[in-house]
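**Q** The structure is given below, and queries will be raised subsequently.
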Amino acid sequence: MTIEIHKVTANIGARVEGVDLTRPLDQETSTALREALNVHKALVFDAEGLDDAGQQAFVRHFGDITTAHPTVSAVDGAPNVLPVDSEGGRAANHWHTDVTFVLNPPQATSLRSITVPPYGGETLIASSAAAYRNLPEPLRSLADTLWAEHTNDYDYAVPEEDVDEEQAARRAQFTSIKYRTVHPVVRVHPLTGERGLFIGGFAQRIVGLSPGESRKILDLLQAYVTRPENVLRHRWSPNQLVLFDNRITQHYAVDNYDGRPRRLHRVTVAGDIPVGIEGKESYAIEGDASHYSPLAA
Ligand SMILES: [Fe+2]
């Protein structure tokens, strides 16, 4: 079989054909896939016949895997698999990069479709590299100097009075360990040297600015990430696997399927400590995530 890579949009996304995910990859294929991930940021595979064990085995070609989540429970009997389930009500309809509140967030995320709603339920994936390239020079110079504090402990835009008991319990679990980490707003990709805006929903404050000032700057930069031209809108079929580079993308699960069943399984690849354009590394203020993720070299 020869591997075929079909670009989906100019800035992000490719469909991969000719790779059987249920079998171990040879070195050549795994190198080609890493190269494709570097270029396209998000890869879509046919994953017919793949189960949890197979998803983990495939993802391990990209590095060590993390446990399911620093605070949220795994799939029963599969400690490295996070259920992404509409029934669990854990809505991800906000732009974010996975787990950026820890010191070394996952370098890549895989999502495998198990139950797909009859309509809607797309995953949007945005290139933060394209966003950075789009910035006008004065904004790029500003972004280059900024550092942002990321945390799992903030109000998810849900008014207090709308939070029911179940949501409150989920939130208590999500924040059972409080994390605060400072990352560069402009992250340099360790494999490509490419620069990307590293913000997303967990970035809550710009170091040195007030919460109000921070919000304005973050919103201004975020608008470049979510430009339609920078976004892949992936409409799921059953038995697909999407692998995206969590170092240089953000994503959003569209809540447009009327609460119909939707279930994906997520497995993430352990990441490195982010580095800014001057070579300075991120640093943790609060929360130890060593039980969650090994540190990638
Ligand atoms: Fe996510």
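**Q** Across region 154-201, what is the number of residues that are at positive phi and touching a strand residue (DSSP E or B) at 6+ places or on another chain (Cβ under 6 Å)?
**A** Within region 154-201, the first condition is being at positive phi, and the residues that meet it are 157, 193, 200.
Add one more test, that the residue is touching a strand residue (DSSP E or B) at 6+ places or on another chain (Cβ under 6 Å), and what stays is 200.
Residues in region 154-201 being at positive phi and touching a strand residue (DSSP E or B) at 6+ places or on another chain (Cβ under 6 Å): 1 in total.
**Q** Identify, from the list Ala253, Ala297, Ala270, Ala289, the residue that is at pLDDT below 95 and either crowded, with 21+ Cβ neighbours inside 10 Å or out of contact with any helix residue (DSSP H, G or I) (no Cβ under 7 Å at 6 or more places or on another chain) (or both). Before you say what the answer is, go through the steps one by one.
**A** Values: Ala253 fails: at pLDDT below 95; Ala270 fails: at pLDDT below 95; Ala289 fails: at pLDDT below 95.
Exactly one of Ala253, Ala297, Ala270, Ala289 is at pLDDT below 95 and either crowded, with 21+ Cβ neighbours inside 10 Å or out of contact with any helix residue (DSSP H, G or I) (no Cβ under 7 Å at 6 or more places or on another chain) (or both), namely Ala297.
**Q** Is at least one residue of region 193-206 in contact with a Lys or Arg (Cβ under 7 Å, 6 or more places away or on another chain), open to solvent by less than 40 Å² (accessible area, probe 1.4 Å) and not aliphatic (A, V, I, L, M)?
**A** yes
**Q** Of (1) within 27 Å of Ser141 (Cβ to Cβ); (2) under 19 Å from the mean Cα position of the chain (by Cα), Val267 satisfies all except one. Which?
**A** All conditions are met except number (1).
**Q** Find the residue count for region 171-206, including only residues that are in contact (Cβ under 8 Å) with a residue 24 or more places away in the chain, out of contact with any Gly (no Cβ under 7 Å at 6 or more places or on another chain) and more than 19 Å from Asp272 (Cβ to Cβ).
**A** 8
**Q** Can I ask one more? Could you please find all residues in region 26-84 being assigned to a loop (DSSP other than H, G, I, E, B), under 15 Å from Thr109 (Cα atoms), more than 16 Å from the ligand (Cβ to nearest atom) and open to solvent by 30 Å² or more (accessible area, probe 1.4 Å)?
**A** Correct list: Asp64 only.
**Q** Return the total of residues in region 230-264 being assigned to a strand (DSSP E or B) and away from the ligand (no atom under 16 Å from the Cβ).
**A** Number satisfying all stated conditions: 1.
**Q** Can you tell me which of Glu87, Glu149, Glu166 is acidic (Asp, Glu) and assigned to a helix (DSSP H, G or I)?
**A** Sole residue among the options that is acidic (Asp, Glu) and assigned to a helix (DSSP H, G or I): Glu166.
**Q** Starting from residues that are part of a loop (DSSP other than H, G, I, E, B) and open to solvent by 40 Å² or more (accessible area, probe 1.4 Å), keep the ones in region 95-134 and report whichever is nearest to the ligand (Cβ to nearest atom). Let's see the steps before the verdict.
**A** To start, the set of residues in region 95-134 that are part of a loop (DSSP other than H, G, I, E, B) comprises 95, 97-107, 116-122.
Filter again for open to solvent by 40 Å² or more (accessible area, probe 1.4 Å), leaving 95, 103, 118-119.
Details: Trp95: 10, Leu103: 18, Pro118: 23, Tyr119: 21 Å.
Top of the filtered list is Trp95.
**Q** Here is a follow-up. Got a number for residues in region 248-272 being closer than 12 Å to Asn93 by Cα and acidic (Asp, Glu)?
**A** Result for region 248-272: 1.
**Q** Quick one: in region 6-20, which of the residues that are under 19 Å from Ile125 (Cβ atoms) and open to solvent by less than 30 Å² (accessible area, probe 1.4 Å) is farthest from the chain's Cα centre (by Cα)?
**A** Checking each candidate, the answer is Val16.
**Q** Where residues in region 154-198 are hydrophobic (A, V, I, L, M, F, W, C) and over 18 Å from the mean Cα position of the chain (by Cα), which of them is modelled with the lowest pLDDT? Spell out how you get there, then give the answer.
**A** In the first step, residues of region 154-198 are kept if they are hydrophobic (A, V, I, L, M, F, W, C); the result is 157-158, 163, 168-169, 172, 174, 177, 182, 185-186, 188, 191, 197-198.
With over 18 Å from the mean Cα position of the chain (by Cα) added as a condition, the list becomes 157-158, 163, 168-169, 172, 177.
Values: Ala157: 55, Val158: 64, Val163: 77, Ala168: 85, Ala169: 88, Ala172: 90, Ile177: 96.
Across region 154-198, the extreme among qualifying residues is Ala157.
The values are calculated or read from the model by the stated rules, or taken from the named source; none is laboratory data. All values derive from a computational prediction rather than experimental measurement. Backbone-built Cβ (ideal geometry, glycine too); neighbour counts: all protein chains shown. Only protein heavy atoms, including side chains, enter the accessible area calculation; ligands, DNA and RNA are left aside. Shrake-Rupley method; radii C 1.70, N 1.55, O 1.52, S 1.80 Å.
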